[in-house]
Each structure stands twice: as structure tokens, then as C-alpha cells.
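Peer 1: Below is one structure. I have some questions about it.
The values are calculated or read from the model by the stated rules, or taken from the named source; none is laboratory data. It should be emphasised that the depicted structure is a prediction, and the values quoted were computed from it without experimental measurement. Positions of Cβ are backbone-derived with ideal geometry, glycine not excepted, and every protein chain shown enters the neighbour counts.
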Amino acid sequence: MTAWIDMIADEDASPRLKELLDQARTPHGTVDTVMRVHSLRPETMHGHVALYRSVLHSEDNKLPFWFLEVVASYTSILNDCTYSLTHHFMNVRNLLKDQPRSDRIFIALKAHRPEDEFDGKDLALLRYVAKLTVDVGKMVKSDFEALKIAGCDDGEILEVNQVCAYFNYSNRLLNGLGATTEGDVVGYYKA
């Protein structure tokens, strides 16, 4: 577990930090660097865990979980965030259980050509993600309307908007603090 910022180890944690580290633990019993980097200001970890779980792991989400992980991965590619891409594209692979397809998706996203693997509603959502990530100041109503024309409902648009917005936040946190996946258990572990 490495980053440029100092991180407090479990054995040196205050009672509140210990409580929040326990809330952030993966099913493997570890705390990923993405959460541990908050250890000097534990309440930001508390907010981060709540936001992450509500955005990506909500029972209210209707889009397939593998596709939301694609959204996470594409946002991370656009932001050049190796940390999030490593974690979340592994989730895509594990969820799809189709190595050739996941390889094709990865190649298409890395080339900034989602149209090579996606069409219809999924492609429209990925184009929205790209603009929301790299050209947010140029978003216009017609960007939203294009999603409706492609068959997206408002709830699906909100899901993708929130996953993209969360990963823009997280990518900046990780890249800005020099976080690496060293010591993290990488891969899908949602029960």
C-alpha cells in the first residue's frame, strides 16, 4: 500500500479512525489505498465510503453492474487513473466471464472508440461519460436529449452520471496523492 501522503496504520489509529477503517474494509479484511489515503482526515473517508457504495452498489440501480464498471473504467481511462482502472476493469472481467469480449472492450475503451464494442443506449451513455469527463463545461441540453432518444430513462442517466462523477472525484484523489495498487487485493469482491 503506497501513496505520496502519509497513511496511518491500523495499529496507530485513533478509536474513530479504527471504526471508519473497519467500515471501509473489503470482504478480504483489507483497506484499499483509495480509502486509507483519508486516514489523516477520517471523516472524509466516512463520506467517501458512503458515496462509493450508494453510487456503485445501490440496490436501486437498474443498469447491469458490469456496465457500471465499464463506465468506471472508461472514466478512469479518460483521466489516466491506473489505480481505478486496474481495480474496476478487473471487475468487468470477473462479471462478464468472457475473456475475449472483455479484451475487446478494453481495447476499444483505451483507443477512445467505444463504438467498436458498443451501440445503441450503451454507446450513447459512454459518449456522455466522455464529454462529462473531458469537456464538462460544454455540456448542453441536447447531450441529455440524445440519451433519451437512444432509449435511456432518467434513472439510467442518473446512474451513469453519478458513477462518472464519483470516478472523476476518485481519480483526482488517487492521482493527486500518488496512490498505487501495491498491497491492495485487486478484483471483484461484492457478495
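Peer 1: Could you tell me which residue of the stretch 5-29 is farthest from A72 (Cα to Cα), considering only residues that are of a type in the set (A, V, I, L, M) and assigned to a helix (DSSP H, G or I)?
Peer 2: Here the answer is L17.
Peer 1: Right, next: Quick check on G155: is it more than 25 Å from S58 (Cα to Cα), out of contact with any helix residue (DSSP H, G or I) (no Cβ under 6 Å at 6 or more places or on another chain) and among the small types (G, A, S)? Spell out how you get there, then give the answer.
Peer 2: Details: more than 25 Å from S58 (Cα to Cα): no; out of contact with any helix residue (DSSP H, G or I) (no Cβ under 6 Å at 6 or more places or on another chain): yes; among the small types (G, A, S): yes.
No.
Peer 1: In addition: Take the residues in the stretch 12-29 that are without any contact (Cβ under 8 Å) to a residue 12 or more places away in the chain and either surrounded by 12 or more Cβ atoms within 10 Å (Cβ to Cβ) or not small (G, A, S) (or both); name whichever of them is farthest from R53 (Cα to Cα).
Peer 2: D12
Yes/no per residue for (1) in contact with a strand residue (DSSP E or B) (Cβ under 7 Å, 6 or more places away or on another chain); (2) among the hydroxyl-bearing types (S, T, Y); (3) farther than 20 Å from L174 by Cβ:
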site	(1), (2), (3)
V37	no, no, no
L40	no, no, no
T44	no, yes, no
L51	no, no, no
E59	no, no, yes
T75	no, yes, no
H88	no, no, no
V92	no, no, no
Q99	no, no, yes
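Peer 1: For the subset of the stretch 101-118 comprising residues that are over 17 Å from the mean Cα position of the chain (by Cα) and among the hydrophobic types (A, V, I, L, M, F, W, C), which member is farthest from L174 (Cα to Cα)?
Peer 2: F118
Peer 1: With the requirement that a residue be farther than 24 Å from R53 by Cβ and in contact (Cβ under 8 Å) with a residue 40 or more places away in the chain, what does the stretch 82-121 give you?
Peer 2: Listed by number, the list holds a single entry, P114.
Peer 1: So, one more: Yes or no: the stretch 139-156 includes at least one residue that is part of a helix (DSSP H, G or I), assigned by TED's automatic domain parsing to the domain that holds I77 and within 19 Å of the chain's Cα centre (by Cα).
Peer 2: Yes, because at least one residue in the stretch 139-156 is part of a helix (DSSP H, G or I), assigned by TED's automatic domain parsing to the domain that holds I77 and within 19 Å of the chain's Cα centre (by Cα).
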